[in-house]
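Here the structure comes first, spelled out in structure tokens, and everything after it is commentary.
Any read-out appearing in this document is the output of simple, stated calculations on the displayed coordinates, not a laboratory observation. As the structure is a computational prediction, the values presented were derived from the model and not from experiment. We place every Cβ from the backbone using ideal geometry, glycine too, and count neighbours over all the protein chains shown.
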């Protein structure tokens with residue numbers, strides 16, 4: 001009796017492990033007895049120039065680059081699609097860009113959350129998108145936006161007068177997460 | 001023994017449930033690289049000094065001093081203008097004017113200010129900060145000015161008694177340079 005019970009218990013304990021193994025197999029595998037759930041691919045992010053914004057340069061899927069050009073506190077920004085505003089201690093350069101999120105393999109009603117963060121902590125400047133200051137910790141940019149939609153956003157780069165002459169640079173990281 | 005079996009069944013059920021909820025979120029990323037080239041810059045403004053003649057365009061880089069009618073003897077001396085006669089030879093009109101030079105994105109310690117007359121004047125003598133201002137504009141009138149502070153400098157013009165032209169008008173172009 002005792003030995004029989006041990007066998008039964010061992011069998012139940014193995015069940016989750018078998019299930020894990022089964023879920024890890026390709027959908028076209030031979031384990032046809034298990035239900036096959038079509039997997040959604042990861043969302044894709046595309047960063048584009050906004051009609052009224054500065055020109056962005058595409059750097060491969062999901063990546064883009066924006067060169068604000070030469071800017072100075074007293075002359076501001078001069079490149080097309082940029083504006084600037086002086087405060088008592090800094091210059092704020094602003095432009096607009098578009099963010100498009102697609103969800104290949106997902107249902108038309110699928111939605112995503114988009115978060116943003118800054119990959120550096122350089123003290124030479126601050127950055128904000130839609131008025132939300134960027135830090136190294138991700139912050140929500142858009143919640144529950146439909147897959148396949150585009151949204152326009154404002155980027156502000158604030159350069160204090162104490163920042164030395166020369167180039168500055170930062171990278172903004174976006175993450176799109178498919179909502180369940 | 002039955003109880004143990006039931007317990008293990010429940011635990012296994014939770015195990016399945018756990019697998020379902022532990023599926024990692026489907027996430028992807030993108031990046032936007034942002035660069036800019038910060039250039040140092042300075043800005044110059046003229047303002048009316050507390051003891052000076054009222055500057056038209058005070059607070060800007062384009063100012064003027066409309067002194068009106070002046071004469072060597074008698075008449076009315078413009079408010080906050082000092083008239084210094086040099087008997088029978090000439091008279092000098094002077095007034096302080098504030099100059100402020102501001103600096104951004106530069107480590108320059110101070111500035112120089114060089115003024116030059118827009119049109120050469122062979123009759124009257126112009127000075128700024130007691131240094132001659134000529135059309136050639138060679139000698140700076142200020143060599144180590146302090147940034148961010150409105151500093152009064154005296155602008156003066158000496159008009160000889162022999163000047164009978166009736167009008168006096170000229171422009172001093174100032175150039176501030178970061179040292």
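Results, tabulated for the structure shown:
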{"quantity": "Mean Cβ count within 10 Å, highest first, over the residues of peptides A:163-170, A:150-157", "calculated": "A:150-157, A:163-170"}
{"quantity": "Most fluctuating residue given options B:84, B:31, B:127, as computed from a GNM of chain B linking Cα atoms under 10 Å", "calculated": "B:31"}
{"quantity": "Over the range A:66-124, equivalent-ellipsoid semi-axes from the Cα gyration tensor in Å", "calculated": "34, 15, 10"}
{"quantity": "Between the range A:68-105 and the range A:144-180, the alpha-carbon center distance in angstrom", "calculated": "11 Å"}
{"quantity": "Volume in Å³ per residue [convex hull over Cα atoms, computed for the range B:41-178]", "calculated": "102 Å³"}
{"quantity": "Other protein chain Cβ atoms within 10 Å, averaged over every residue that makes up A:58-69", "calculated": "4"}
{"quantity": "Inter-chain Cβ neighbour average for residues A:170-178, partner chain, 10 Å", "calculated": "5"}
{"quantity": "Proxy reagent accessibility, fewest Cβ within 10 Å first, across A:130, A:67", "calculated": "A:130, A:67"}
{"quantity": "Theoretical ellipticity at 222 nm over chain B - DSSP helices of four or more residues, -39500 (n - 2.57) apiece, nearest 500", "calculated": "-4000 deg cm²/dmol"}
{"quantity": "Theoretical gain in end-to-end length, residue B:173 to residue B:37 [0.36 nm per residue, Cα-Cα removed]", "calculated": "46.0 nm"}
{"quantity": "Per-residue average of Cβ from other chains inside 10 Å of A:84-94", "calculated": "1"}
{"quantity": "Model label zone, residue B:61; criterion: amide N under 19 Å from point 7 Å along Cα-to-beta-carbon; scope the range A:49-93", "calculated": "A:70-79, A:84-92"}
{"quantity": "Proxy reagent accessibility, fewest Cβ within 10 Å first, across B:47, B:69", "calculated": "B:69, B:47"}
{"quantity": "Highest-MSF residue in chain B out of B:102, B:121, B:37 [GNM, Cα springs under 10 Å]", "calculated": "B:37"}
{"quantity": "For B:65, B:155, B:168, order by how many other beta-carbon atoms lie within 10 Å, fewest first", "calculated": "B:168, B:65, B:155"}
